[in-house]
1. Run the quick spin-label model on Phe23 and Gln85: label points 7 Å from Cα toward the beta carbon, then report their separation in nm to one decimal.
2. Restricting to DSSP loop positions (anything but H, G, I, E, B) with no more than 15 other Cβ atoms inside 10 Å of their own Cβ, which GluC sites (Glu not before Pro) remain in segment 27-66?
3. Which of Tyr84, Tyr73 has the fewest other C-beta atoms within 10 Å, and how do the rest follow up to the most?
4. Specify the angular offset, from 0 to 90 degrees and rounded to the nearest 10, of the alpha carbon long axis of helix 30-42 from the longest principal axis of the alpha carbons in the chain.
5. What nm value, rounded to one decimal, do you get for the distance between Ala75 and Cys98 when each label is placed 7 Å out toward the C-beta?
6. Cα convex hull of the chain: how many Å³ per residue?
7. Using Cβ contacts closer than 10 Å as the measure, can you line up Lys47, Lys27 from fewest to most?
8. Among Val4, Leu45, Phe23, which residue has its Cα positioned farthest towards the positive end of the charge dipole of segment 2-97, with +1 placed on the Cβ of Lys and Arg, -1 on the Cβ of Asp and Glu, and the dipole taken about the Cα centre?
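Just so it is clear, none of the values below were taken in a lab; they were calculated from the coordinates. Note that this is a predicted model, so its numbers are computed, not measured. Note that each Cβ is placed from the backbone with ideal geometry, even for glycine, and that neighbours are counted across all protein chains shown.
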Amino acid sequence: MALVTLRDESSHGYVLLERLTQFGFEKINPGTLYRTLRQLEKEGLCKSEWEHSNGGGGPACRVYSITNSGEAYLASWAKECKKYQQVLDSFSLVYTACR
């Protein structure tokens with residue numbers, strides 16, 4: 001879900017935490033998200049850059065964005081999810097018809 005969120009817009013990790021609630025996640029452990037982001041970065045699916053605050057008073061923060069490889073992975077994953085959704089829909093139709 002992090003990649004789908006980054007596809008819309010590059011983001012700080014804490015903003016990603018907030019945006020992931022759109023997918024129905026009530027509470028995500030920040031450590032889990034940052035480990036996932038590091039793994040995605042290691043796999044070349046996202047990248048991060050340090051962003052310094054405009055006034056120089058605040059700490060630098062990482063901004064994450066999706067890479068071309070991440071876009072390709074996401075497209076492939078979405079295609080597979082669509083196939084899986086068709087299987088679930090077929091199951092639901094058969095199950096309902098058997099009642």
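1. Rounded to a tenth, the inter-label distance reads 1.5 nm.
2. Numbers: sites: Glu41, Glu43, Glu49, Glu51; in loops: Glu43.
When the GluC sites (Glu not before Pro) of segment 27-66 are filtered for loop state and at most 15 Cβ neighbours within 10 Å, Glu43 remain.
3. Values: Tyr84 10, Tyr73 18.
Exposure proxy ranking, most exposed first: Tyr84, Tyr73.
4. Between the helix axis and the principal axis of the chain, the angle is about 90 degrees.
5. 3.8
6. Details: hull volume 12.2 nm³, N = 99.
Convex hull of Cα atoms, per residue: 124 Å³.
7. On the way: Lys47 17, Lys27 8.
Least crowded to most crowded, the residues run Lys27, Lys47.
8. Result: Leu45, furthest along the dipole toward the positive end.
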